[in-house]
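This report refers to the structure that appears directly beneath it.
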Amino acid sequence: MDKCKSISKPFSTSCHLDHDVARNPIDETKYRGLIGSLLYLTASRPNIMFVVCMCARFQSAPKESHFNAAKRIMKYLQGTKVVGLWYPGNVSMSLTGYSNSNFVGCKIDRKSTSDTCHLLGSSLISWQCKKQAYVALSTTKAEYIAAGSCCAQTLWLRQQLNDFGILLNKIHILCDNTSAINLRKKIPLCIQEPIILK
Amino acid sequence: MHSRTNHIEIRHHFLREHISNGTCEIKFIGTDLQLADSFTKPLAKDRFNFLLNELGIIDINCPLQ
């Protein structure tokens, strides 16, 4: 794919992959090889993280549509060879975590995806995109699960920075769901819910 | 019901403990400035590029643009 045309985004805006049983199957080994290389690339290119994780879920019985989505990532990479993470000097040593989730992101089993990223000053140092292990019943819960994994990662980074002599406290975790933030001081919804259901 | 929510309950106490210890603090941020958005959903081109710029994923040959 050296001479392929470049495109501006690694995914189409209506990108929702499913098992796609009706389409032609493609060579599993070839698809897995491609996904393996792309997963390796996510270590330095967070911009393709979301779509690579999406494609990696269909490594058993891949179909033409999954292969096309993976080829689209290659086309995007063709046009972004010079794009990379930039770490400027003289930045403040403040750690901020961002946590987000997409409620029912996976159309197959209705699970949500947790997404967290951590910025030291203004540089991205840690990022994660993971399908949650259990089905969240509301956006609040999906966001709260994401905030939990963000907190776990924050603690690890805090310890790491502590080893380098940078002591941080009250690290901000930024979440875009007010109910999830309020949940930390009220009676948990999980206790209230069975009562409502009776 | 319980088996599913059990995990969330544990998470609740985990997060709550660290907030009361003072190690972490949860703050609200509007969706416009939520930088983790680009890892979540397929976004439109302009929004996608804006978030990448904010995260420091830029053309390394001319970083000051």
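The values are calculated or read from the model by the stated rules, or taken from the named source; none is laboratory data. Just so we're clear, the structure is a prediction, and the values are computed from it rather than from any experiment. Cβ placement follows ideal geometry from the backbone for every residue including glycine, while neighbour counts extend to all protein chains displayed.
Return the total of residues in region A:123-134 being modelled with pLDDT of 90 or more and assigned to a loop (DSSP other than H, G, I, E, B). So the answer is 1. Condition first: touching a residue at least 24 places away in the same chain (Cβ under 8 Å), within 10 Å of chain B (Cβ to nearest Cβ) and among the acidic types (Asp, Glu). Can you find one or more residues in region A:27-49 that meet it? Among the residues of region A:27-49, not one is touching a residue at least 24 places away in the same chain (Cβ under 8 Å), within 10 Å of chain B (Cβ to nearest Cβ) and among the acidic types (Asp, Glu), which makes the answer no. Evaluation of residue A:34 against the conditions (1) farther than 19 Å from residue A:127 by Cα; (2) at pLDDT 90 or above; (3) loosely packed, with under 14 Cβ neighbours inside 10 Å shows that the sole unmet condition is (3).
Evaluated against (1) at the interface with another protein chain (Cβ under 8 Å from one of its Cβ atoms); (2) within 30 Å of residue B:61 (Cα to Cα), residue A:174 falls short on exactly one condition, (2). Scanning region A:120-177 for residues that are polar (S, T, N, Q) and in contact with a helix residue (DSSP H, G or I) (Cβ under 9 Å, 6 or more places away or on another chain) turns up A:122, A:123, A:126, A:128, A:132, A:138, A:139, A:140, A:149, A:154, A:169, A:177.
Taking residue A:120, is it over 24 Å from residue B:13 (Cα atoms), touching a Leu at 6+ places or on another chain (Cβ under 6 Å) and modelled with pLDDT of 90 or more? In short, yes. Residues of region A:146-164 being more than 10 Å from chain B (Cβ to nearest Cβ), within 19 Å of residue B:15 (Cα to Cα) and in contact (Cβ under 8 Å) with a residue 24 or more places away in the chain, which ones? If the condition is that a residue be more than 10 Å from chain B (Cβ to nearest Cβ), within 19 Å of residue B:15 (Cα to Cα) and in contact (Cβ under 8 Å) with a residue 24 or more places away in the chain, then A:153, A:157 are the ones that fit. Evaluating residue A:47 against the criteria (1) exposed (fewer than 13 other Cβ atoms within 10 Å of the Cβ); (2) under 30 Å from residue A:148 (Cα atoms); (3) polar (S, T, N, Q) leaves one unmet condition, (1). When region A:20-39 is limited to residues that are in a loop (DSSP other than H, G, I, E, B) and more than 12 Å from residue A:67 (Cα to Cα), the one that is nearest to the chain's Cα centre (by Cα) turns out to be A:21.
Answer yes or no as to whether residue A:111 is assigned to a loop (DSSP other than H, G, I, E, B), of a type in the set (D, E, K, R) and either surrounded by 15 or more Cβ atoms within 10 Å (Cβ to Cβ) or not assigned by TED's automatic domain parsing to the domain that holds residue A:162 (or both). For residue A:111, the condition - assigned to a loop (DSSP other than H, G, I, E, B), of a type in the set (D, E, K, R) and either surrounded by 15 or more Cβ atoms within 10 Å (Cβ to Cβ) or not assigned by TED's automatic domain parsing to the domain that holds residue A:162 (or both) - is met.
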